[in-house]
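Visitor: One structure, as structure tokens, below. Some questions next.
What follows draws every value from the coordinates through simple rules; no lab data is involved. What you see is a predicted model, and the numbers here were worked out from it, not measured in a lab. Cβ: placed from backbone, ideal geometry, glycine included. Neighbour counts: every protein chain shown.
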Amino acid sequence: MIEINDAFSCMFEKLNPVFTELGFNFEKPDGYKNGDIPVFERNKEHYFEYSSSKAKVRLLLNEKNLRLLIGSSDAKSEDDSDYNLNASFLLDLSDFDEKEVKSTCNDIEEVLRDDFGKRQNTRKNGNIKVQPNVTKSQVKSGSLLYDPATLAIRLAAIYPSLKDDYKKSMQYYGEFLCEDFFVNYVNPLVENSIHENNPAVLKKLFNILNEIFTGGSNETQDVIVVTMLASYKYSSEEYKTVVNLMNDDLNEPFIRVYRYLNRSKSARMRLENPPKYKPKKKKKQSAFYKALTGTGNGITGS
């Protein structure tokens, strides 16, 4: 448990240098004195307010959630009506300690840098926007689900070459082409790890896949099961190894899809020869995947 004053002191120490670097200054509540932590109080809520020439940011602690609100540079409303919700983080002071507050601040910093930091990535015909990673806190709070881009970046912790591959892909296409990236860059590395059967590497790999699958969107679950794991042709020993490393959420759909693909030559052919990616359209859960899993509501049935 951490007291609210200690929590805001910790947050200010961690985040004020980040805001300053990004061109923001904190707003001062009435009665502020030099050296005070600039916390505004509103009923049972407390918040920081930061402003720049381009935007205003409000970090609002409300019960067990910390919300990141963003408004225009002239936003003034005390009731948040001039602001839009950018991200939400679980921050239960009755259950969190200083270490967990600092961890939440790291997630907030990541979002701030994605939204307000200067990016050097460019495409031939102009600038591109890199999608911010979905954080553990956002998934835990229920505000977001893991997406394929986050899965790709998380896997780069095991396979460092993916960092450059990701940047090159973004620079070339101007957006994240999910199927292309996993088929051409991720799958060969994962398949090699499975073939080499290094216990330490496989444990790290499936820790990530299990976590991302359980907290992932339908598209992300589709990528893990169909595009990645079920596309590989396992030996009997390899199959036993990976199945034992999967959590319950991932295990059942993987086995179902893998068996289906091995029974159906046409399904295997469609998997190995997917249709060309069409940019600028939101990707929906594929009819092929629905046929494999027997559901239209996500792989876990939730």
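Visitor: Taking the alpha-carbon distance from Lys99 and a cut-off under 14 Å, which aspartates and glutamates remain once sequence neighbours fewer than 8 residues away in the same chain are dropped?
Guide: Leaving aside aspartates and glutamates fewer than 8 places away in the same chain, those within reach of Lys99 are Glu3, Asp6, Glu13, Asp107.
Visitor: Taking a 18 Å limit on the Cα-Cα distance, which of the listed pairs Lys56/Lys136; Lys14/Lys44; Lys54/Lys168; Lys28/Lys76; Lys44/Lys76; Lys64/Lys136 fall beyond it?
Guide: Cα-Cα > 18 Å for Lys56/Lys136; Lys14/Lys44; Lys54/Lys168; Lys44/Lys76; rest within.
Visitor: If you don't mind, another one. For segment 150-252, what is the charge dipole size about the Cα centre, in debye to the nearest 20, if Lys and Arg each add +1 at the Cβ and Asp and Glu each add -1 at the Cβ?
Guide: Its charge dipole is roughly 380 debye.
Visitor: Which of the aspartates and glutamates could a cross-linker span from Lys233 if the Cα-Cα distance has to be under 20 Å and same-chain partners fewer than 8 positions apart are dropped?
Guide: Hits, sequence-local ones excluded: Glu179, Asp180, Glu191, Glu196, Asp222, Glu252, Glu272.
Visitor: At Asn34 and Lys64, where each label point lies 7 Å from the Cα along Cα→Cβ, what is the point-to-point distance in nanometres?
Guide: 4.2 nm
Visitor: Determine the sum of side-chain charges near Ser77: Lys and Arg each +1, Asp and Glu each -1, restricted to other residues whose C-beta is under 11 angstrom from that of Ser77.
Guide: Once all neighbours under 11 Å are counted, the net charge is -2.
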